[in-house]
Amino acid sequence: MAGNSQRRNRRTSNKKGAQVGSGGQRRRGLEGKGPTPPASARKGHKKNRIANAQAKQAAARRPAPRRGGAKGTSEMVVGRNPVYEALRDGVPATTLYVQQYIDNDERVRDALQLAGERGNINLMEAPRPELDRMTNGLNHQGLVLQVPPYEYAHPEDLTAAAYDNGEDPLIVALDGVTDPRNLGAIVRSVSAFGGHGVVVPERRAAGMTAGAWKSSAGTAARTPVSRVTNLTRALEGYQKAGITVVGLAADGEHTVEDLEALAGPVVIVIGSEGKGLGRLVGETCDYRVRISMPGGAESLNAGVAAGIVLYEVARRRA
């Protein structure tokens, strides 16, 4: 019994192994914690609470970030005259495709010169079958211009641009205008009379094509166009922001020259020449106005009507 007890004692008392230690915790605890942070950075301190409050106030005053809008689809301009005119009128382009062994006439030389002067258009030589494939067999005459997708603005971008300049928003919304040339002409008028942009619906409406760019006479480069999925909701959003929505209608209750609301922040809604404003859009408008026409014409082209109303707004704001 005594021998067994001695052997157990030897096994327990003489065994060597890992000892439980601090793992460096005591040593780290003795190290310094660096310089004391300023009072404004110490949680719970009076100066920290003041600094946080000031930061929140600054954030509230800061304008919301621009949201941007969707992109359109790329487009091909084909034919010697259309390509030359697009380049001459400043239509954005990424690549000019030229057919191999093309007859080098005056239009071809002028198009190549304009593309070279831009400095940011790629010149690509391609065989005729390749150009036929790219254009689905259209009569390209050896010249094809690639137009990039248009970058549409967000509806809020238009109002933000106005407020950034200390101005009341002046926006034109189009309901059912399907001719790109009308859209381009309206963009041109908006630019001429100090407007802040144009809003178009995605469906059953003209978009910013090469034809619209040409009709805008270069003003599309500085006057944004926004495309929305639902025009009525976009107009309601502007109303919630304190902007008056005025619809142009042949049977409007007010005349353009008598409506005082045109002097303030306003969205002017213009319908198609044939059908005018849609029912829901018309019901959404705060006012419906008409243009007095002593000559007895039933309606005006959308671009002409837009120019008349925009002139009246600019006159009142002058």
> Using the Cα gyration tensor of region 78-207, with a ≥ b ≥ c the square roots of its eigenvalues, what is the shape: rounded (a/c below 1.5), prolate (a/b larger than b/c) or oblate (neither)?
Replying inline: prolate
>> Rounded to whole Å, give me the distance from the Cα center of region 233-247 to that of region 115-139.
In response: 44
> For region 95-103, what does the Karplus curve 6.51 cos²θ - 1.76 cosθ + 1.60, with θ = phi - 60°, yield as ³J(HN,Hα) per residue in whole Hz, taken in order and with x for Gly and Pro?
Replying inline: 9, 10, 8, 10, 5, 4, 6, 6, 5
> For Glu283 and Thr229 in one chain, what is 0.36 nm times their gap in residues minus the Cα-Cα distance, to one decimal in nm?
Replying inline: 17.6 nm
>> Under a crude label model (7 Å from the Cα following the beta-carbon direction), how far is Met134 from Thr73 in nanometres?
In response: 1.8
>> If you split all Cα-Cα distances of region 205-318 into 5 Å bins from zero, what percentages do you get per bin, shortest first?
In response: 2, 10, 20, 23, 22, 16, 7, 1
> Taking R0 as 30 Å, what's the FRET efficiency between Met293 and Lys240 from their Cβ-Cβ distance, rounded to 0.05?
Replying inline: 0.35
> Which whole-number percent gives the relative contact order of region 203-300, counting Cα pairs below 8 Å spaced six or more residues apart?
Replying inline: 31
> So what is the accessible area of region 85-131 per residue, in Å², with the probe set to 1.4 Å?
Replying inline: 60
> Between Gln113 and Glu202, what is the FRET efficiency for a Förster distance of 45 Å, r being their Cβ-Cβ separation, to the nearest 0.05?
Replying inline: 0.75
> Simple spin-label model, 7 Å along Cα-to-Cβ: Glu260 to Ile102 in nm?
Replying inline: 6.0
>> Check which residues have an amide H placed less than 5 Å from Thr95's amide H, if you skip close sequence neighbours.
In response: Asn122, Gln146
>> Just to verify a number: what accessible area does Leu231 come out at with the full protein assembly present, 1.4 Å probe, Å² rounded to tens?
In response: 10
> In sequence order, what are the phi-derived ³J(HN,Hα) couplings for region 168-185 according to the Karplus relation 6.51 cos²θ - 1.76 cosθ + 1.60 with θ = phi - 60°, rounded to whole Hz, with x for glycine and proline?
Replying inline: 6, x, 10, 10, 10, 10, 10, 10, x, 7, 9, 8, x, 5, 5, 4, x, 5
> Per 5 Å bin, what is the whole-percent P(r) computed from every C-alpha pair distance within region 132-189?
Replying inline: 4, 12, 14, 17, 15, 13, 9, 6, 6, 4, 0
> Hey, what do the phi angles of region 190-197 turn into as Karplus ³J(HN,Hα) couplings, whole Hz, using 6.51/-1.76/1.60 and θ = phi - 60°, x for Gly and Pro?
Replying inline: 4, 5, 5, 9, x, x, 10, x
> Largest first, what is the accessible-area ranking of Arg203, Arg315 with a 1.4 Å probe?
Replying inline: Arg203, Arg315
> If the convex hull of the alpha-carbon atoms of region 167-211 is projected onto planes in all directions, what is the mean projected area in square nanometres?
Replying inline: 3.1
>> Can you give the local net charge around Gly195? Use residues other than it whose beta-carbon is closer than 12 angstrom to its beta-carbon, Lys and Arg +1, Asp and Glu -1.
In response: +1
>> Under the 0.36 nm per residue contour assumption, what length would be gained going from the current alpha-carbon distance of Glu85 and Arg222 to full extension?
In response: 47.3 nm
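The values are calculated or read from the model by the stated rules, or taken from the named source; none is laboratory data. The shown structure was predicted, so the numbers you read here are calculated from the model rather than taken from an experiment. FYI the Cβ positions are ideal-geometry reconstructions off the backbone, even for glycines, and counts take in every protein chain you see. In case anyone asks, the SASA skips ligands and DNA or RNA and just uses the protein heavy atoms, side chains included. Shrake-Rupley method; radii C 1.70, N 1.55, O 1.52, S 1.80 Å.
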